[in-house]
Amino acid sequence: MHELHFEHKIWINELSFYEDEIKIYEHRLEELVMKSRNPDMLAQLEHFQNQFIREKEVIDILKHDINSHEHKLSEYAETHPIAIEHVHFKDHSDLRDRMERFYKIWIELKEEFYAFLLKYYNQPSEAEA
């Protein structure tokens, strides 16, 4: 049970970090909106804005499910204090798989976003052009 609890804590901390990271990326999007009116760039800005909204939703769902699983473990520990050290808890492989899928999608999105930033971030604004 301690291993499951530890993994839950790690996941919650990582997901909170990704939420903070999304806030930083959203700020970059705002800067770019103010900088240019390039229709291609604005379309990609909207794409990333939508992707970040979706990733925040996924993070919320994952956090909820992790906390729900943690709550079930805690309830069991409270109602079975003696047995808790002798019970083998089913591994939370479904949550682990979902976290791994999230990581993979998140890394791909970040790579795509960084490529986008390299393409547009250093272009002169319309006022400078």
Can you compute 3J(HN,Hα) from phi for each residue in segment 45-62, using the Karplus curve 6.51 cos²θ - 1.76 cosθ + 1.60 with θ = phi - 60°, rounded to whole Hz and x for Gly and Pro? 4, 5, 4, 5, 4, 5, 5, 5, 4, 5, 5, 5, 5, 4, 4, 4, 5, 4
Can you give me the three principal axis dimensions of segment 2-120 from its C-alpha atoms, in Å, biggest first? 65, 20, 15
Looking at this model, which pairs from LYS35/LYS63; LYS9/LYS104; LYS35/LYS110; LYS72/LYS110 are more than 30 angstrom apart at the alpha-carbon? LYS35/LYS63; LYS72/LYS110
If neighbour count is taken as other Cβ atoms inside 10 Å, put ILE10, ILE24 in order from fewest to most. ILE24, ILE10
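Every number here is computed from the coordinates shown, using simple stated rules; none is lab data. All of these numbers come straight from a predicted model, not from anything done at the bench. For neighbour counting, all protein chains shown are included, and Cβ atoms are generated from backbone atoms with ideal geometry for every residue, glycine included.
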